[in-house]
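Novice: For reference, the structure I am asking about is given below.
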Amino acid sequence: MTGQMDIESRLAQIERRNRVLTGIITAVFLVLCSGLLVAWSQAKPTDEPLRVRSLIIEDAKGQPRILMGSPAPDRNAGGNPRTGIIINDATGAERFGLGLLERSDRVVMGFDAPRGKGDDRNRERITLVADENGGSYIRFMDRTTSIPGRLYLDDENRVWLEFVSVEEKEIVRKRIGFSGEEVIRAPR
């Protein structure tokens, strides 16, 4: 019986040591993990730039709201990729776009109306352009996608404000500039 009690007391002593060692190993592991986490979270910022081809910023619902890229996502119209930024509204519709068109070297900024506020085939209402020839214009589009007016710099560096009226048999353009007014009529 003494031998059995000896074995039981030794077994109890081993179990106590096992619990103590398990507790020490767990505590050491937690301290090491905490130290690594603190070191990682306090890493110094780098002077190196962040390099990505595109960046999509989503809202709280996971909807893409700001898209930036080179090329800009979903902006390879007519095989003319562009570098730019697109801002979408909460419904996912583009409301603002800024792009540098690769082939034409034209910078275009467009402001769009919400969906359902005119012809949805082209919701752009104001377009600002710096073109590849050094010219520029601001174009105003109506809800039917017609261009009733624009402000532009011509090839002779004159600024014109132009109003356009599409009539049954002709297109009438009235230009107002520093040198005066002109009315230009062309058959439709």
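The values are calculated or read from the model by the stated rules, or taken from the named source; none is laboratory data. On a predicted model such as this, the values are computed, not experimentally measured, just so you know. Here Cβ is always computed from backbone atoms with ideal geometry, including for glycine, and neighbour counts include all displayed protein chains.
Novice: So, in the range 135-145, of the ones that are surrounded by 13 or more Cβ atoms within 10 Å (Cβ to Cβ) and polar (S, T, N, Q), which residue ends up nearest to R185 (Cα to Cα)?
Specialist: T145
Novice: Show the residue pairs meeting these rules: Cβ distance below 6 Å; 6+ apart or different chains; first residue within the range 139-158 and under 24 Å from G116 (Cα atoms); second residue of a type in the set (G, A, S).
Specialist: Matching pairs, first to second residue: F140/G149; R143/G118.
Novice: What residue, among those in the range 151-167 that are within 35 Å of the chain's Cα centre (by Cα) and acidic (D, E), is surrounded by the fewest Cβ atoms within 10 Å (Cβ to Cβ)?
Specialist: Here the residue is D155.
Novice: Please determine whether any residue of the range 49-66 is over 20 Å from D105 (Cβ atoms) and modelled with pLDDT under 80.
Specialist: no
Novice: Which ones in the range 28-45 are at pLDDT 80 or above and either of a type in the set (S, T, N, Q) or touching a strand residue (DSSP E or B) at 6+ places or on another chain (Cβ under 6 Å) (or both)?
Specialist: Of everything in the range 28-45, just one residue is at pLDDT 80 or above and either of a type in the set (S, T, N, Q) or touching a strand residue (DSSP E or B) at 6+ places or on another chain (Cβ under 6 Å) (or both), namely S34.
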